[in-house]
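Single-structure report; data block below.
The values are calculated or read from the model by the stated rules, or taken from the named source; none is laboratory data. Here the structure is a predicted model, which is why all the values come from computation and not from measurement. Backbone-built Cβ (ideal geometry, glycine too); neighbour counts: all protein chains shown.
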């Protein structure tokens, strides 16, 4: 029975089969409840689908609607203000128009003229039409004539038709022209009658122009449709096979006013881009997009979070705060100080300054030497006991040091010092200089230290950090970000160095370390000893440091392993470590690290983000260390802004840059400037000088700037490249009376050439050669120049040093270097107006008002004087001219030399001009200035300036004038200036 479960077993006998259900075909079956429920679900799902597609998945439509309402509100407000502002004026104009129109409506003469004009229009139209028909007939006849010629037919009949048509055309031509002239005359009469009304209507249109523009703007806003705004860019992204892929940006779908002015105070996302002049003028969103600079998920428009890239595993979320500057390096990798990116620029300078590249592979640091000093000859330099304490806690000796804290114990410090000391060698024998405690010698050294320029790079104590007032004109952006002292603090140098080494170092730093940035100040033995005595007197020496015993061979071996482990060789040259590799990870693609690739150790109170991990790591490198994982990165004691700056730089470390089409193009001038700025950083030029309106810290210590280092603004336009190159390689004393000294850097030729090119490029002087044709200077010009030179008493300031007995010492450079040092064209500009080239200079102005220009409104030809003419001119401002003064009249870029005949207020009469026409339009009067001697060269100050320059370029040795007055020089023949 088990085989037949459908057979009932409770009846005896034959098995009994259960009756089956009644079979119904599917088409006769019905399930109303099921289908009703399914129908309700389908209807609800359909409504939800439409709602989700229309509203939930398209929030940008609501944003565009809000923007339209916002802009419409602004426009309506502006329209109301414009109407209120113009209402009174428009009402007055409308009233005048209505009154005038009413008067003209009853003007019988105007009605007659208007009727005549209408008739004339009809008549002119008929005449023009008749002439047009005749021209069409002529054109057809001429075409048939040309066709007959091409077909080789007899052209007699066609030629006759052409002649007949031409005669008819010639007959109708004057008739049509006469009708046109009559029509123009009739229109002119009507226009003259209606001129006042026409002018009022034009005035009304002008007065209501803003209103009309706003009304049209409102109409355009109301007519807008909602749409997705996107831009597509090539090669900004790459796939796993390093192939370029397309990038789509839809950011402006919501940020509708990002490239429009007038929305600077609007709420986000309707606000204009900040500093649009700096960013958008050179970074068109249509060309480079938004995500290429700001990050985010450019294709996403279904939610703000997705659009900004705040979704899991999206590798490039929207950048905020200082990190917005990170993408600048993608296109501007060649620039270290990027305008508009101070955090990134400071991060670059910190990494270069602190020597992070010693342990890590970091792009754009290949041009730098090791950040720390060479330890090859350390036995000559430091006290062995000091070395141990320095390695253990560097900031105990110098709180401002670049040397980081390694968190090592006493034994490790001793082992490291033992190896470094033992690996080094001594080349110079030890000496014991005598007399370093002499108070007079110490005082002499103090004066030398403070006057020679040492404070441009070093400090001794906190008092040395106090500078004077900022140098006038230093208002530019930082040329070089300086985060630590360029040179070490010298307040405790007595505890560190051996006295004999210090004297040798001051005399010739490169004899000890050829890569040092420390220049030579060309000190004598006595001067070097005096400065050393002063520095050694600043703090008491530690007698135990010199006699301290280091470890033995076992400590040496342990120290060798520690040097390799800690990476000391990354910053210092240590014998025996030349072939060791960097110990830190490659940072060239650090920005692509995922958060699951970053070890947070046992730290639980730091957000699990790249930004938080990196900031904490920079601030406290051992924060993620565990009992099983030792971290070796030392602590640089960075401030929060410094850590943020370095993090900003690290955020820019991506494996590929922007496409070639987007990279910043640097021309030859820009490349020279950028290369020169690296030299400025390398040699700390701004520690003493003002360059590009920046720097001059040493100059701020001088109450009288004339006694400090000179400003180098405009140096490229001033000095000749050949002389400048030689000067940088071998310094020549230009101002021997100054106590501050230009150091001798003994810089390589390529560095000197880079600096010469840099200063020349700053002033657009890209040609490397300067030529002055001395043979072309007439002898009489040289004589006149010498005469003026003596009358101006130039040698009273530019004299010899030391001065002859009874004379004051010079206060300006010796002029015997002028012909080799200065550019001839610069000398002209300098003599003409020295204060314009160097504000505040002590150089007097010998030619007042030279170069001042006054626009001329109009002028007319006056009387004839022989072959020349006078011209009466109306100046636009007070010309500040005097009678008989020589001036230049500039017309169309050409200068005509003339003499002032009369000045009455702004009316100037010039004489000595050629025929320039009956009237003069746009022109300028250029004042040649007051001459030194009105009898020399006709009193033309420009000619006097020129011969003075010629004399400076020719003279070998300048001498004061003889006691007897020399005969006056004759006027040399004129020649072109410059």
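Within region 447-470, can one find any residue that is in contact (Cβ under 8 Å) with a residue 40 or more places away in the chain, crowded, with 18+ Cβ neighbours inside 10 Å and over 21 Å from residue 519 (Cα atoms)?
no
Across region 302-333, what is the total count of residues that are in contact with a helix residue (DSSP H, G or I) (Cβ under 8 Å, 6 or more places away or on another chain), free of Cβ contacts under 8 Å to residues at least 60 places away in the same chain and assigned to a loop (DSSP other than H, G, I, E, B)?
3
Going by what's in this entry, would residue 381 be described as in contact (Cβ under 8 Å) with a residue 24 or more places away in the chain and crowded, with 19+ Cβ neighbours inside 10 Å? Write out each step before concluding.
On the way: in contact (Cβ under 8 Å) with a residue 24 or more places away in the chain: yes; crowded, with 19+ Cβ neighbours inside 10 Å: yes.
When the stated conditions are applied, residue 381 passes them.
Using the structure shown, decide if residue 74 is farther than 30 Å from residue 218 by Cβ, under 60 Å from the mean Cα position of the chain (by Cα) and in the same structural domain as residue 205 (by TED's automatic domain parsing).
Numbers: farther than 30 Å from residue 218 by Cβ: no; under 60 Å from the mean Cα position of the chain (by Cα): yes; in the same structural domain as residue 205 (by TED's automatic domain parsing): yes.
No: the conditions fail for residue 74.
Residues that are modelled with pLDDT of 90 or more, within 20 Å of residue 64 (Cα to Cα), out of contact with any strand residue (DSSP E or B) (no Cβ under 8 Å at 6 or more places or on another chain) and surrounded by fewer than 16 Cβ atoms within 10 Å (Cβ to Cβ): does region 204-216 have at least one?
yes
Which of the residues belonging to region 17-66 are part of a loop (DSSP other than H, G, I, E, B) and either farther than 30 Å from residue 270 by Cα or assigned by TED's automatic domain parsing to the domain that holds residue 305 (or both)? So that I can check it myself, show each step before the final result.
Initially, region 17-66 is screened for residues part of a loop (DSSP other than H, G, I, E, B), giving 18-25, 29-31, 57-58.
Result: 18, 19, 20, 21, 22, 23, 24, 25, 29, 30, 31.
This table checks each residue for (1) farther than 27 Å from residue 804 by Cα; (2) at pLDDT below 90.
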position	(1), (2)
902	yes, no
927	yes, no
943	yes, no
946	yes, no
949	no, no
953	no, no
964	no, yes
971	yes, yes
976	yes, yes
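Any residue in region 463-478 that is assigned to a loop (DSSP other than H, G, I, E, B), at pLDDT 90 or above and under 23 Å from residue 492 (Cα atoms)? Give the derivation first.
Let us first name the residues in region 463-478 that are assigned to a loop (DSSP other than H, G, I, E, B), namely 466-478.
Then keep just the ones that are at pLDDT 90 or above; that gives none.
Within region 463-478, none of the residues are assigned to a loop (DSSP other than H, G, I, E, B), at pLDDT 90 or above and under 23 Å from residue 492 (Cα atoms).
Being without any contact (Cβ under 8 Å) to a residue 40 or more places away in the chain and under 26 Å from the mean Cα position of the chain (by Cα): is that true of residue 293 here? Show your work before the answer.
Details: without any contact (Cβ under 8 Å) to a residue 40 or more places away in the chain: yes; under 26 Å from the mean Cα position of the chain (by Cα): yes.
For residue 293, the condition - without any contact (Cβ under 8 Å) to a residue 40 or more places away in the chain and under 26 Å from the mean Cα position of the chain (by Cα) - is met.
Of these, 564, 591, 573, 545, which one is closer than 22 Å to residue 380 by Cβ and not in a loop (DSSP other than H, G, I, E, B)? Step through it out loud before you land on a result.
On the way: 564 fails: closer than 22 Å to residue 380 by Cβ; 591 fails: closer than 22 Å to residue 380 by Cβ; 573 fails: not in a loop (DSSP other than H, G, I, E, B).
Checking each option against the conditions leaves just 545.
Kindly evaluate residue 389 against the criterion of being crowded, with 17+ Cβ neighbours inside 10 Å, out of contact with any helix residue (DSSP H, G or I) (no Cβ under 6 Å at 6 or more places or on another chain) and part of a helix (DSSP H, G or I). Explain how you work it out, then say what you get.
Values: crowded, with 17+ Cβ neighbours inside 10 Å: yes; out of contact with any helix residue (DSSP H, G or I) (no Cβ under 6 Å at 6 or more places or on another chain): yes; part of a helix (DSSP H, G or I): yes.
In short, yes.
Among residues belonging to region 646-675 that are touching a strand residue (DSSP E or B) at 6+ places or on another chain (Cβ under 9 Å) and outside any loop (DSSP other than H, G, I, E, B), point out the one that is surrounded by the most Cβ atoms within 10 Å (Cβ to Cβ).
Restricting attention to region 646-675, the residues satisfying the condition of being touching a strand residue (DSSP E or B) at 6+ places or on another chain (Cβ under 9 Å) are 655-656, 658-662.
Adding the requirement that they be outside any loop (DSSP other than H, G, I, E, B) leaves 660-662.
Values: 660: 8, 661: 11, 662: 18.
Per the stated criteria, the residue is 662.
Residues in region 548-555: is at least one surrounded by 15 or more Cβ atoms within 10 Å (Cβ to Cβ) and modelled with pLDDT of 95 or more? Even if it seems obvious, please write down each step before you answer.
From region 548-555, those surrounded by 15 or more Cβ atoms within 10 Å (Cβ to Cβ) are 548, 550-551, 555; that's our starting set.
Checking the rest, the ones that are also modelled with pLDDT of 95 or more come to 555.
Scanning region 548-555 turns up at least one residue that is surrounded by 15 or more Cβ atoms within 10 Å (Cβ to Cβ) and modelled with pLDDT of 95 or more.
Could you list all residues from region 849-885 that are outside any loop (DSSP other than H, G, I, E, B) and over 13 Å from residue 906 (Cα atoms)? Before the answer, list the steps.
Step one: of region 849-885, the residues outside any loop (DSSP other than H, G, I, E, B) are 853-865, 868-875.
Within region 849-885, 853, 860, 861, 862, 863, 864, 865, 868, 869, 870, 871 qualify.
Go through region 680-702 and report how many residues are surrounded by 21 or more Cβ atoms within 10 Å (Cβ to Cβ) and assigned to a helix (DSSP H, G or I).
Adding up the residues that qualify gives 6.
Here's the yes/no breakdown for (1) surrounded by fewer than 19 Cβ atoms within 10 Å (Cβ to Cβ); (2) part of a loop (DSSP other than H, G, I, E, B); (3) out of contact with any helix residue (DSSP H, G or I) (no Cβ under 9 Å at 6 or more places or on another chain); (4) not assigned by TED's automatic domain parsing to the domain that holds residue 295:
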residue: 242; (1), (2), (3), (4): yes, yes, yes, no
residue: 246; (1), (2), (3), (4): yes, no, yes, no
residue: 264; (1), (2), (3), (4): yes, yes, no, no
residue: 268; (1), (2), (3), (4): yes, yes, yes, no
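Can you find, within region 334-344, the residue that is surrounded by the most Cβ atoms within 10 Å (Cβ to Cβ) among those that are closer than 14 Å to residue 651 by Cβ and in contact (Cβ under 8 Å) with a residue 40 or more places away in the chain?
For region 334-344, the residue satisfying everything is 344.
Being without any contact (Cβ under 8 Å) to a residue 12 or more places away in the chain, within 30 Å of residue 180 (Cα to Cα) and either in the same structural domain as residue 253 (by TED's automatic domain parsing) or assigned to a helix (DSSP H, G or I) (or both) narrows it down to one residue among 119, 85, 102; which is it? Working first, answer last.
Values: 85 fails: within 30 Å of residue 180 (Cα to Cα); 102 fails: within 30 Å of residue 180 (Cα to Cα).
On inspection, the qualifying residue turns out to be 119.
So for region 520-534 (the condition being under 23 Å from residue 633 (Cα atoms) and buried (at least 16 other Cβ atoms within 10 Å of the Cβ)), does at least one residue qualify?
Residues of region 520-534 under 23 Å from residue 633 (Cα atoms): none.
Taking every residue of region 520-534 in turn, none turns out to be under 23 Å from residue 633 (Cα atoms) and buried (at least 16 other Cβ atoms within 10 Å of the Cβ).
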